[in-house]
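Trainee: Take this structure first; my questions come after.
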Amino acid sequence: MSEEQTQPQQPPGPDPALGRLEPFVGTWSIRGRTLGSTADNVSARTTFEWLPGGFFLKQTFEADFVGMKIQSLEIIGYDPSSDTFPSTVYSNLVGIPIPYRYDVRGSDVTITTDLGGGARMTGRISEDGTTFSGGWRPNPNVENSGNVPYDFVGTRVK
């Protein structure tokens, strides 16, 4: 028997494209405000970490959104057919999983969802990786979507 035949087969590793999510890894403090507000009325803390094996990124999120307490768990993976990162969010606000899709191109990040008429976040990670800023907007021409527009800045705390 050759040495090649006696070695156990190694499963394939994570897709290298998952490396585009690496700038998120860590804990972030987030401040923001809904459009029209003169003071911050959104605060959150979120942590991104790789699940064992490196195939999925986990986000745990806690926020005070205009007085509403939000907690969620998100699992983010990679879809090579679209070169994007689909995710599923499990939240204390609704009893169904919420699908999202991340598109990360360098420092530019777009996150979309179709739930409630849909919404889009466009943002940017700073060159030094210490801040992340952006804004969420409901899809145009959708009334009473439940997707409240707001802007935010996240600061890496670790």
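Trainee: Exactly one condition in (1) modelled with pLDDT of 95 or more; (2) within 22 Å of VAL153 (Cβ to Cβ) is not met by SER82; state its number.
Mentor: (2)
Trainee: Quick one: what pairs do we get from the stretch 73-96, first residue in contact (Cβ under 8 Å) with a residue 12 or more places away in the chain and farther than 12 Å from ALA17 by Cβ, second of a type in the set (A, V, I, L, M, F, W, C) and exposed (fewer than 15 other Cβ atoms within 10 Å of the Cβ), C-beta under 6 Å, 6+ apart or different chains?
Mentor: TYR90/LEU73
To keep it simple, each residue is scored yes or no on (1) β-branched (Val, Ile, Thr); (2) free of Cβ contacts under 8 Å to residues at least 24 places away in the same chain; (3) not in a helix (DSSP H, G or I).
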| site | (1), (2), (3) |
| --- | --- |
| GLY13 | no, no, yes |
| LEU18 | no, no, no |
| THR60 | yes, yes, yes |
| ASP64 | no, yes, yes |
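Trainee: When you scan the stretch 106-133, how many residues do you find that are touching a residue at least 12 places away in the same chain (Cβ under 8 Å) and either over 19 Å from GLU74 (Cα atoms) or more than 12 Å from the chain's Cα centre (by Cα) (or both)?
Mentor: The total comes to 16.
Trainee: Go through the stretch 122-150 and give me each residue that's aliphatic (A, V, I, L, M) and surrounded by fewer than 18 Cβ atoms within 10 Å (Cβ to Cβ). Give the derivation first.
Mentor: Of the stretch 122-150, the ones aliphatic (A, V, I, L, M) are 125, 142, 148.
Those that are aliphatic (A, V, I, L, M) and surrounded by fewer than 18 Cβ atoms within 10 Å (Cβ to Cβ): VAL142, VAL148.
Trainee: Evaluate the following for ILE75: is it surrounded by 15 or more Cβ atoms within 10 Å (Cβ to Cβ), part of a strand (DSSP E or B) and either aliphatic (A, V, I, L, M) or modelled with pLDDT of 95 or more (or both)? Before you say what the answer is, go through the steps one by one.
Mentor: Details: surrounded by 15 or more Cβ atoms within 10 Å (Cβ to Cβ): yes; part of a strand (DSSP E or B): yes; either aliphatic (A, V, I, L, M) or modelled with pLDDT of 95 or more (or both): yes.
Yes; evaluated as a whole, the condition is true for this residue.
Trainee: Would you mind stating whether SER87 is assigned to a strand (DSSP E or B), over 19 Å from TYR150 (Cα atoms), within 17 Å of the chain's Cα centre (by Cα) and small (Gly, Ala, Ser)? Steps first, please.
Mentor: Numbers: assigned to a strand (DSSP E or B): yes; over 19 Å from TYR150 (Cα atoms): yes; within 17 Å of the chain's Cα centre (by Cα): yes; small (Gly, Ala, Ser): yes.
Yes; evaluated as a whole, the condition is true for this residue.
Trainee: Mind checking whether some residue in the stretch 92-99 is under 20 Å from ILE125 (Cβ atoms), surrounded by 13 or more Cβ atoms within 10 Å (Cβ to Cβ) and more than 13 Å from the chain's Cα centre (by Cα)?
Mentor: Applying the first criterion (under 20 Å from ILE125 (Cβ atoms)) to the stretch 92-99 yields none.
No: the stretch 92-99 contains no residue that is under 20 Å from ILE125 (Cβ atoms), surrounded by 13 or more Cβ atoms within 10 Å (Cβ to Cβ) and more than 13 Å from the chain's Cα centre (by Cα).
Trainee: What pairs come out if I take residues in the stretch 23-43 that are in contact (Cβ under 8 Å) with a residue 24 or more places away in the chain and pair them with residues that are of a type in the set (A, V, I, L, M) and exposed (fewer than 14 other Cβ atoms within 10 Å of the Cβ) whose C-beta lies under 7 Å away, six or more apart or interchain?
Mentor: THR27/VAL157; TRP28/VAL157; SER29/VAL157; ARG33/ALA39; THR34/VAL66; ASN41/VAL66; VAL42/VAL66
Trainee: Conditions first: (1) more than 26 Å from ASN92 (Cα to Cα); (2) at pLDDT 95 or above. GLU4 passes all but one, so which condition is the exception?
Mentor: The failed condition is (2).
Trainee: A further question on this structure: For the stretch 92-105, which residues satisfy the criterion of being within 16 Å of LEU73 (Cα to Cα) and not β-branched (Val, Ile, Thr)?
Mentor: Looking only at the stretch 92-105, we keep the residues that are within 16 Å of LEU73 (Cα to Cα), and these are 92-102.
ASN92, LEU93, GLY95, PRO97, PRO99, TYR100, ARG101, TYR102 - these are the residues of the stretch 92-105 that are within 16 Å of LEU73 (Cα to Cα) and not β-branched (Val, Ile, Thr).
Trainee: Would you say PHE55 is in contact with a helix residue (DSSP H, G or I) (Cβ under 8 Å, 6 or more places away or on another chain) and either part of a loop (DSSP other than H, G, I, E, B) or among the polar types (S, T, N, Q) (or both)? First the steps, then the outcome.
Mentor: On the way: in contact with a helix residue (DSSP H, G or I) (Cβ under 8 Å, 6 or more places away or on another chain): yes; either part of a loop (DSSP other than H, G, I, E, B) or among the polar types (S, T, N, Q) (or both): yes.
Considered against the rule, which asks whether it is in contact with a helix residue (DSSP H, G or I) (Cβ under 8 Å, 6 or more places away or on another chain) and either part of a loop (DSSP other than H, G, I, E, B) or among the polar types (S, T, N, Q) (or both), PHE55 comes out as yes.
The values are calculated or read from the model by the stated rules, or taken from the named source; none is laboratory data. All figures in this text were calculated on a predicted structure; none of them were measured in a lab. Ideal geometry is used to build each Cβ from the backbone, glycine not excepted, and the neighbour counts take in all protein chains shown.
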